[in-house]
1. Scale the Cα Rg of segment 64-189 by the rule-of-thumb value 2.2 N^0.38 Å and send over the ratio, two decimals.
2. Which of the peptides 287-293, 146-152 is most tightly packed, and how do the rest follow, going by the mean number of other Cβ atoms within 10 Å of each residue?
3. At what distance in angstrom do the alpha carbon centres of segment 85-108 and segment 152-192 lie from each other?
4. For segment 230-286, what is the largest minus smallest coordinate of the Cα atoms on each principal axis, given in angstrom and ordered from greatest to least?
5. Where does each of HIS238, HIS408, HIS128, HIS10 land when they are ranked from fewest to most other beta-carbon atoms within 10 angstrom?
6. At 20 °C and 1.002 mPa s, what whole-number value in µm²/s does Stokes-Einstein give for the translational diffusion of segment 165-245, with Rh from the Kirkwood sum over Cα pairs?
7. Hey, how much of the P(r) for segment 1-108 falls beyond 22 Å, as a percent of Cα pairs?
Amino acid sequence: MEIQHFSHVHPLILTDKKKKHGAKCAACELPVRGPAYECASCVFCVHKSCSEVSQEIRHPLHWQHSLNLLSKAPYRSGNFTCFVCHQSCSGFIFHCQECKFDMDIECALETHDVDSEICDDLIQHPSHNHPLKQIDSWAIYGTSCTGCESLFDASSSVYACTKCNFFLHKTCSELPKVIQHHFDTASSFVLIGFAGTLFICHACKNNSSGFKYIRYSGGMDIDLGCVSLKAVLKVDGHKHRLTFFDKKVQGMKCNACGIRCSSDIFRCVKCNYNLHFHCAPVSLTIKHECHIHPLTLTKFDDEDDAKEYYCHACESRRNPKLLVYHCEQCSFTAHINCVISEVIPSSPLEHDEADPPEPKGSMHLTRDPFLIRFDDAIDEVNEDLEKLTARLKSLQTKQVENVKADDHLKANLDEEIAELELERDQLTANIEELKKDRSIYEFQHPLSDMP
């Protein structure tokens, strides 16, 4: 069988050899195996499959324009770099003259024409070189999204490149490139796709390697988890609304009590103004348009009932270990962030003139025995913390004085100081948790209800 192919001046004859020694296909540059067309006059060979590729295609990786098949790259060197695999090639090229888009024939044949059914669930995302295919989330259970770094659940719509273990929520693939955000309303934020390197989120101070929004004017990188948070709480003494962070945060101190914050805080990112949950003027019982009954702040972690992991306000899954607003009568549960935005609690600085505020630290002015137990526990942990802090300062002073001591002594001091610092952090976290629980109990059991 003989054909005249556009890529060669001479007629080509069909051969069917298992392997033609030393011969490479002029189109895909792979060794010739199986049916191929070759030239009897010169050294030219092309796979039969490569010879049958259409000279003009519509491709999902460049849907704006048609791609034309050329036997040689339209550049002086005759070589080109494939947009998909980033390899230098000299074989056949699919080329868009208008966009200077180039793709080798092998990469082009990995996916079908955009009119075929296989391309209906394909996208090309700017964060990844290869096309992403929509798949069932159960197939990658326990895997994290490259964009937001959260785990996929059974209801997730997922795009994937299984070759590279690159996975994206559909929602993360559709994020806007430029946004305005309440963290800094004076500047725009630009989306930066996955770069594979760690960065520190300016909002929560945690390390992240996923997608981020960067402030156009510079100096602020925000991970996707923090970008989605709302500014919900207005307090006297600060001009911006505060955002509630229900995840761990790093390196922050409460502006009210001066103690380190670890999680569950209200924060103004722009001003680095922070309040512990128990230091903020949060209403323990609220009324919200999403539910007919009042909602009460609750530490609700019934792990035996899977449906309680669901937020009825935003219709998404929630972490059962976090505080929520709950209606016991209807089993209605909502994230704090989903309902508190409609509530502006009164400032702790606002008091009735006839009823002056309780002096800070005088928590024992109550007849409730459970509150007394909370106060005793807090005092006990505070005493332990004071003793530990004194011991730590003593060791740190000793460390400075023995800077020229032998390595063995310095190593022992360093180890003991490190252990005490860990213990101090744990005691501080324990105090925060006790104060939070006390605050919740006090609002749920007011003194007027006591016998």
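1. Numbers: Rg = 18.0 Å, N = 126, 2.2 N^0.38 = 13.8 Å.
Segment 64-189 yields a ratio of 1.31.
2. Numbers: 287-293: 13.9, 146-152: 19.3.
Per-residue Cβ counts within 10 Å, averaged per peptide and sorted highest first, yield 146-152, 287-293.
3. Segment 85-108 and segment 152-192 have Cα centres spaced 28 Å from each other.
4. Principal extents (Cα only, largest first): 30, 23, 22 Å.
5. On the way: HIS238 16, HIS408 8, HIS128 19, HIS10 13.
Fewest to most other Cβ atoms nearby, the residues stand as HIS408, HIS10, HIS238, HIS128.
6. Working: Rh = 13.6 Å.
Calculated translational D: 157 µm²/s.
7. Numbers: 1811 of 5778 pairs.
Value for segment 1-108: 31 percent of Cα pairs lie more than 22 Å apart.
Each value in this text was obtained by applying a stated rule to the coordinates, not by laboratory testing. The shown structure was predicted, so the numbers you read here are calculated from the model rather than taken from an experiment. Neighbour counts run over all protein chains shown; Cβ positions are idealised from the backbone, glycine included.
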